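A.B. asks: So that we are looking at the same thing, I have put the structure below in structure tokens.
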Amino acid sequence: MAKIQKIKGVADLFPEDSARYAFMEKAARETFTSYGFGELRVPILEKTELFCRSIGEETDVVQKEMYTFPDRKGRSLTMRPEATAGIVRAYVENKIHQPGKVSKYFTFGPMFRYERPQAGRMRQFHQIDAEIFGAAEPQADAEVLLMLSAFLSGIGLEKLSFELNSLGCPECRPQYNQTLKDFLNALDRSELCEDCQRRMDTNPLRVLDCKSKNCKALTKDAPALPDHLCGECRDHFNTVIALISEAGLEYTLNPRLVRGLDYYQRTAFEVTSGDIGAQTAVAGGGRYDGLVENLGGPKSVPAIGFACGMERLALLLEGEFETANDFYVALVDERAAKDALIFAEKLRRNGQKGEVAFSARSMKAELRHANRINAQKCFIFGADEFENGTVTVKDMAEDGEQVTVTRNEYFK
């Protein structure tokens, strides 16, 4: 029979690969909980309407990238393309909001988008996500940025650039959108890509997000959004900048940064790297104060958050991530197989981790395997050990010290 192969754009993560993801998840959990965040796990499958209403009908995600299908009863379901919408849905559905209450959540997991696979961009990819609800103050924006910086530094990533912008609010952005639309209408429409020609009418802000070199050149003199902020948005953004500057976080202002999802307003940010090819963004986020209300929740619940692409972060992590083992129990005489297994179990019950051989091999082969799994010690069970009730303990460090002791003596 023909073999079945994996779907294009997804990956099998064997232990040496998944160790990188486990390392990032552990670091994120430790960092985020130190800021008062708790873990929230939401479903992978959601109603399609959730993403259409939150992300925006005119976004590339909804237009081109979602995995959407009818279930057995004809209901339209979508495999989540991002985490924020599901977290907001859970927040609203479970009636978490209370006046004056601040809620902080983080989550990990797979997301799904139909994109052209390349390094750092898969059709099934993984994100680390964090969100704050109920805090409108610029201090919340600053805390999110500082926590993201602490996490990235904690996993050893230093050569990263933080880019910030303010997208305004429902009071000032419509005026800017009209100013931008007037600028775009003065261009030769046919010179823009098809997506931007459509966005000019539906969401002109997204034209600034186009990756086409030609569209970037044509819009290089477009009016800058930060020049059209209302007083409250300007004060908010200036406070965010002052706070992160005081905390020592370096950043650059990018007036063209608009993010790819419609729910963002006020503070928006991306973290980029020049070391992973074309896909430079490794994390991004911003404020989305209107999304809770848009998804049926209470009015005026402020929110801000970010997501990190784990595949892209994994490309930047240096060094080996194979897990070191405390021991390997080597078997060189088949008669000692039961003794070796019981001895290994005692080691594990004493808090150590490692492997035991299930069948006998040569000493050379066993020591080679002990080295391969990075075992700190090798416990050898051969003919002498079987007959005398002993075990030979070999230190796998460079000196290779080796002693033979009784098994009961070892556990005293």
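A.B. asks: Which one is surrounded by the most Cβ atoms within 10 Å (Cβ to Cβ), of the residues in region 382-412 that are of a type in the set (Gly, Ala, Ser) and more than 27 Å from PRO15 (Cα to Cα)?
C.D. replies: Result: GLY382.
A.B. asks: As an exercise: evaluate GLN197 against (1) polar (S, T, N, Q); (2) touching a residue at least 24 places away in the same chain (Cβ under 8 Å); (3) out of contact with any Phe, Trp or Tyr (no Cβ under 9 Å at 6 or more places or on another chain) and give the number of the one condition it does not meet.
C.D. replies: In the conditions (1) polar (S, T, N, Q); (2) touching a residue at least 24 places away in the same chain (Cβ under 8 Å); (3) out of contact with any Phe, Trp or Tyr (no Cβ under 9 Å at 6 or more places or on another chain), GLN197 misses (2) alone.
A.B. asks: Right, next: What residue, among those in region 260-299 that are among the aliphatic types (A, V, I, L, M) and assigned to a strand (DSSP E or B), is modelled with the lowest pLDDT?
C.D. replies: By that ranking, first place goes to ALA281.
A.B. asks: Specify which of the listed residues (ASP289, ASP275, ASP339) is touching a Pro at 6+ places or on another chain (Cβ under 7 Å) and of a type outside the set (Ser, Thr, Tyr).
C.D. replies: Details: ASP275 fails: touching a Pro at 6+ places or on another chain (Cβ under 7 Å); ASP339 fails: touching a Pro at 6+ places or on another chain (Cβ under 7 Å).
Selected residue: ASP289, the only one of ASP289, ASP275, ASP339 that is touching a Pro at 6+ places or on another chain (Cβ under 7 Å) and of a type outside the set (Ser, Thr, Tyr).
A.B. asks: Something else about it: Pairs under 9 Å by beta carbon, first residue modelled with pLDDT under 90 in region 390-412, partner small (Gly, Ala, Ser), six or more apart or different chains?
C.D. replies: Taking only residues 6 or more apart or on different chains, the pairs are MET396/ALA370; MET396/ALA375; ARG407/GLY389; ASN408/GLY389.
A.B. asks: Okay, moving on. Of LEU341, LEU331, which residue is crowded, with 22+ Cβ neighbours inside 10 Å, more than 29 Å from the chain's Cα centre (by Cα) and at pLDDT 95 or above?
C.D. replies: LEU331
A.B. asks: Would you be able to tell me the number of residues in region 1-36 that are modelled with pLDDT of 95 or more and aromatic (Phe, Trp, Tyr)?
C.D. replies: The qualifying residues number 2.
A.B. asks: Also, quick follow-up: Can you tell me which of (1) under 31 Å from the mean Cα position of the chain (by Cα); (2) surrounded by 14 or more Cβ atoms within 10 Å (Cβ to Cβ) is the one GLY156 doesn't meet?
C.D. replies: (2)
A.B. asks: So which of PHE379, PHE358 ends up being surrounded by fewer than 19 Cβ atoms within 10 Å (Cβ to Cβ), aromatic (Phe, Trp, Tyr) and not assigned by TED's automatic domain parsing to the domain that holds LYS101?
C.D. replies: PHE358
A.B. asks: Report the residue count in region 181-223 for those that are surrounded by 16 or more Cβ atoms within 10 Å (Cβ to Cβ), within 32 Å of the chain's Cα centre (by Cα) and not in a helix (DSSP H, G or I).
C.D. replies: Within region 181-223, residues that are surrounded by 16 or more Cβ atoms within 10 Å (Cβ to Cβ), within 32 Å of the chain's Cα centre (by Cα) and not in a helix (DSSP H, G or I) number 3.
A.B. asks: Name the residue that is surrounded by the fewest Cβ atoms within 10 Å (Cβ to Cβ), counting only residues in region 1-53 that are over 15 Å from ILE128 (Cβ atoms) and among the aromatic types (Phe, Trp, Tyr).
C.D. replies: My answer is PHE14.
A.B. asks: Further, regarding this structure: Take SER166 and decide whether it is closer than 25 Å to GLY248 by Cα, touching a His at 6+ places or on another chain (Cβ under 8 Å) and buried (at least 19 other Cβ atoms within 10 Å of the Cβ).
C.D. replies: yes
The values are calculated or read from the model by the stated rules, or taken from the named source; none is laboratory data. Fair warning: this is a prediction, and the values are worked out from it, not measured in the lab. With ideal geometry, Cβ positions are generated from the backbone for all residues, glycine too; neighbour counts draw on all protein chains shown.
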